[in-house]
Every structure is written in structure tokens, then in C-alpha cells.
Amino acid sequence: MTDTGSDTRANAGPAPTLTGVGGPVPGYDVERVRKDFSILTRRVHDDRPLVYLDSAASSQKPTRVLDAERDYYELHNANVHRGIHVLAEEATALYENARDKVAAFIGAPRRDEVVFTKNSSEALNLVAYAMSNAAASGPEAERFRLGPGDEVVVTEMEHHSNLVPWQMLCRRTGATLRWIGITDDGRLDLTTLDQVINERTKVVSFVHQSNILGTVNPVATLVARAREVGALVVLDGSQSVPHMPIDVTALGVDFLAFTGHKMCGPTGIGVLWGRRELLEVMPPFLGGGEMIELVTMEASTYAAPPHRFEAGTPMIAQAVGLGAAVDYLTDLGMDAVAAHEHDVTAYAIERLTAVPGLRIIGPPDAVDRGGAVSFVLTGSDGRPLHPHDVGQLLDELGVAVRVGHHCARPVCLRFGVPATTRASFHLYSTRSEVDALVEGLGHVRRFFGT
Amino acid sequence: MKLDSMYQEIILDHYRNPHHRGLREPFDAEVHHVNPTCGDEVTLRVRVADGVVTDVSYESEGCSISQASASVMTDLVIGRSVADALGLEREFLALMQSRGTMEPDEDVLEDAVAFAGVSKYPARVKCALLSWMAWKDATAQAVGGIPEQETDR
Ligand SMILES: Cc1ncc(COP(=O)(O)O)c(C=O)c1O
């Protein structure tokens, strides 16, 4: 494998048009898909079938991904980029091949724009630290430099992983953090867009699909405003890349971060995609083996991207697993995956809306919305139920949901709730699992009501 | 259902009708404690006179376990000497750390024995302990510090 910028654009499908219309997707056999995930046949507690509705936290992994990792360790394991023996060459080929697959999956113009990280959080921190490291770099890094008077823009619906790194960057550099608020319907409040993103804005970083509200944000609108003022654009694709066709060129952003474990891949592997011309001048974040060109006792020069940003022995097996996950998703077809999840989401919203005492926190319909549905609930006596109690009782019925602030505490503050219960779906989720959730919620309401 | 061992009727009763709720005057110390994993919060006041806990008042938000535990705790400690109340706190802490293996003494812990089942759910132990930790913190401030206990964290 080489790092030449071969053209890898393959499945650059159109962005999905999400409408409120539901209905099972012709040709998508979810029962067959479920057979690829042996964990979904587990029984829990009193021999109840597992209803896994926590894929936004982490997805399950198909057999193919597990096999790929096992195969790697059983047949090819060695360190990459540093041996001339057969195993080292095979390991390197497998690792770099995973990069090719990921590049094709997101429509990246070049394979060397794909940087492997340990997860989304590290990918986002990489950009934030590169920006403060720019202060000590040469004039080529000017684009990334930040100081007092400059502004960084996020939104109120960010996961802590796309908020805290920018707060920290602002603290290190003296820049100011600003954010776009949320409407009562759980959408971005774009009425103040032109004030929040202005000539002082150096970088805009925002979530593509919210992990707590489910909202799919209007990327084009934010990118257009950021371009007007010359700001860099970072997109947190942690919840979008696993669920819809993605084409980085069509999105028009500068960086895209996502994480393997939410897209049927292993934990411990994530991706930062960046435009080649930016990665070329971006200062490194972590120093170490593999990211250098020439080293003396006094100083070093750095390797070209992507290796400049991959210090130390990378997550080789996990990258191979991610490659297998990308193959799996590609074979299913991301258009079909998106359509199937849209159907389940629309059905869930319809059924949840009919549950007495239930209030959805997030868009009340399935338009421009992904399959993460947060809600709060009152008991049959009208008292609010704490999500912890809701989640605990659902678990006892075999229904796995997530409760808490979902690493997006400002969203809970915005809606005046201490926490929410969240059901989230993936390519293996079914309408009957939604039924199980709704039935469970009825039980919960009666249990705590007087 | 197994959960019934967590959501005992006693716990549900205290949750529905909490005792000693609401913030009262006078008080010697006030604390605010949170459980960051689930967002449970309690603001709690303690009044100590002549070495006796004469009042504990609180405002709290959270799950049934944390709400009920606050109610049970105030029943237990109000009217006791600080030393006795701290003894109860140690007893309750030991129960909650027992992972379901301890047989609680009902003569000592009264309604708090109902939380024995909660100790089997590691994610919920913090909910049950929140108000106790807040009470202990406030009491320490009210009396100007209490000696370190080896069971403390
Ligand atoms: C929107 C969003 N951003 C970032 C992250 C962080 O992902 P990771 O924990 O894999 O770094 C998550 C996952 O929880 C997420 O949902």
C-alpha cells in the first residue's frame, strides 16, 4: 500500500431526503440482518428476549467484523510500517486497506485524508490541540492560529466531546466560545446565525445528528455562513456516518469526526477526515514513533499526513474490524439502512406520542431526524418519573435504553429536565421492538402511579 | 419480578410521601450534592444543638431511590446524637457496599433495611447514598469537623 492520493470516491450516494412518510422498506429484510448479530438472540433476566434500544451509545457488531479481527490476530498479526517480513507486510496492507475502505465509504477524494484515531473524541481533540499548537508553528499554520478576540462556534446540542475540547482550546488561547441555541422543537435556532458566526469566527464545529435530540442539522446552511466569514468547519459525524450515506465533498466541510463502535465496528478506532490541503499544514497533536520524518536530539521534522497524526503503534486489529464494518454497511447499502431506520423512527414517534404522560425532547416528527428518541414521562398519577426508574424497570423487562444526560447536559438544562430516557435504533432495530418499549412504558407508569 | 427486591413497598411509600421535605430555618450548615452520572441533586440543611441533630431539611430532585433514601435518612437521624447518627450512617454505608450479601438489622436501620436490594445494583448505590453523604458533609460543617472513619471514602 502506498500513500499516494488515489481517487477512492465510490459510493458517493445522494444525501437522504428524510420525510415524515413511513412504511417498511421493500427489499430490506431486517430479520435476515438480525441473524448477523448473534448477541441479539440473547435472553436476559427472567429469560426475556433482549430488546436492544441503545445503539446511539454503541452499536452491536456483525459476525463479519468479529471474524475480521480474529482472522487478523490468528493469521497476520505484526506491527505495521516497520518490518520487512511477511507478517509485517500483511499487517500493513490490511491496515492501509482499511483506510481505503473508509475513504471510499465517506466519498473522500483521497485516501491520505483519512486519519485513524481511537474514537470521535480523540479526532475532535486532535483538531483542537492542533489549533493551539499552531501558536508555536511556522507561518504555514496561520490558518489554525487562534488568540484573544477570535471566536470558536459550537451549538447548544453538542455532545460533551465536541464541547469540552473547544472550551479547553479557548482557555488555552484566550479565544471566546460562542454557540447557536436550540428551539423548543429541538432544532438549531438559526435566527441568530449571522451574529453568532461573524468575521471573528475562526472555527465552527457542530454535530451532524444529535445523539440526544435526534435532530439532523442543516449542514449546508452552516457551511455557507462559515465560508462567508472564512471559518474552518468541523463536523461531528458520530451519529450520522453510521446511519446515512455520507459524502464529505457534498457536505463541504473541512473536517469530519466519527467513531467505529457506533457503526458496527470495534471500540478503540475512530476517524478524522480532513481536507488534504489543510492536513498538510496542520501541526501535529501527539508526538512519537511513526509520525516523524527526521529526528535529531534537538528537533524533528514530521511525516506527511495521515501518519503525522498517528503517533505510535496504531489500533491495527480495530482498523481491520472497521474496514469489515464498512464493507458490511456498504453491502447493505446506506440508502437502505437510512430508509429502514427512518421507518422505525417514524413508527416510534407515532407510538410514543400516543403514550399518556410522555413528552418527546427533540423534534416531534420524523422529518430531518435520526433514530435517537429522548423523552420524559409522568406516572399514572401525573408525577414526573425519573429516567433512572424508567430505565431500571424497562431493563427488567429486557428492554435496554439509556438514561441520563447522554453527555449533552446543556440540552437537559435547555429543556429544564434533569435527564431523559432515550431509545435509539440501528439497522437491526424493528417495529416490534418499538412495541415492546411502548408496552414496557405502560407497565412503568402503572408501577409508580399510586 | 426480581426488581421487587429493589422497589420495596417501603421505598415506594417514602417516594410517594416523603418525610421532612422542604428547607427549614434555623440551620447550622447547608450543602448541595449531586450525583453526576444521573443528575440527582439534593440541597440539605442540618441543625445541631448540644450534640444532637435537631433538624434535617432538604429539597431534592432525582429517582425514587434517592428520594426515598433522603426521607428514610431524616426519620433515622433527627433527634439522635451526632455520634449515634454517624454510627447509623456507617451501618447504612456498609449495607449499600455489601452487594446484597449483608443481612441488615431492622432494630438498627428501621425502614432503611428496605434498601438491601438496591445494594445488588451498583449503578443505583450512589442514588441511595446521596442524601446520607450530604447529611454527613453538612453535619461535619455544623460541628466543625468529625473524625475520619476508616469505612469512609
Ligand atoms: C454526537 C456524538 N459525538 C461524539 C461522541 C463521542 O464518541 P466517542 O465516545 O466514541 O469518542 C458521541 C458518542 O457518544 C456522540 O454521540
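What the table shows:
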| quantity | calculated |
| --- | --- |
| Residues of the stretch A:188-217 satisfying the condition of being within 16 Å of the ligand (Cβ to nearest atom) and assigned to a loop (DSSP other than H, G, I, E, B) | A:H208, A:S210, A:N211, A:I212, A:L213, A:G214, A:N217 |
| Count - residues of the stretch A:416-432 that are within 14 Å of another protein chain (Cβ to nearest Cβ) and either at negative phi or buried (at least 24 other Cβ atoms within 10 Å of the Cβ) (or both) | 6 |
| Complete set of residues in the stretch A:244-256 that are assigned to a loop (DSSP other than H, G, I, E, B) and either closer than 20 Å to A:Y129 by Cα or within 11 Å of the ligand (Cβ to nearest atom) (or both) | A:V253, A:D254 |
| Residue within the stretch B:49-56 that is assigned to a helix (DSSP H, G or I) and either of a type in the set (A, V, I, L, M, F, W, C) or more than 12 Å from chain A (Cβ to nearest Cβ) (or both) present | no |
| Residues of the stretch A:85-137 classified as among the basic types (K, R) and assigned to a helix (DSSP H, G or I), total | 3 |
| Flag for A:L53 being among the hydrophobic types (A, V, I, L, M, F, W, C), under 22 Å from the mean Cα position of the chain (by Cα), modelled with pLDDT of 95 or more and under 27 Å from A:P242 (Cα atoms) | yes |
| Selection from the stretch A:441-450 of residues that are within 12 Å of chain B (Cβ to nearest Cβ) and of a type outside the set (V, I, T) | A:H443, A:F447, A:F448, A:G449 |
| Selection from the stretch A:356-379 of residues that are away from chain B (no Cβ under 14 Å), in contact with a Phe, Trp or Tyr (Cβ under 6 Å, 6 or more places away or on another chain) and assigned to a loop (DSSP other than H, G, I, E, B) | A:G371 |
| Leading residue by the ranking (nearest to the ligand (Cβ to nearest atom)) among those in the stretch A:380-415 that are at positive phi and either more than 9 Å from chain B (Cβ to nearest Cβ) or among the charged types (D, E, K, R) (or both) | A:C407 |
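Every residue, every condition in (1) within 14 Å of chain A (Cβ to nearest Cβ); (2) acidic (D, E); (3) assigned to a strand (DSSP E or B), yes or no:
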| position | (1), (2), (3) |
| --- | --- |
| B:E25 | no, yes, no |
| B:V46 | no, no, yes |
| B:Q67 | yes, no, no |
| B:A70 | yes, no, no |
| B:L95 | no, no, no |
| B:E103 | no, yes, no |
| B:D107 | no, yes, no |
| B:A112 | no, no, no |
| B:A116 | no, no, no |
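The values are calculated or read from the model by the stated rules, or taken from the named source; none is laboratory data. Please read all numbers here as calculations on a predicted model, not as lab measurements. With ideal geometry, Cβ positions are generated from the backbone for all residues, glycine too; neighbour counts draw on all protein chains shown.
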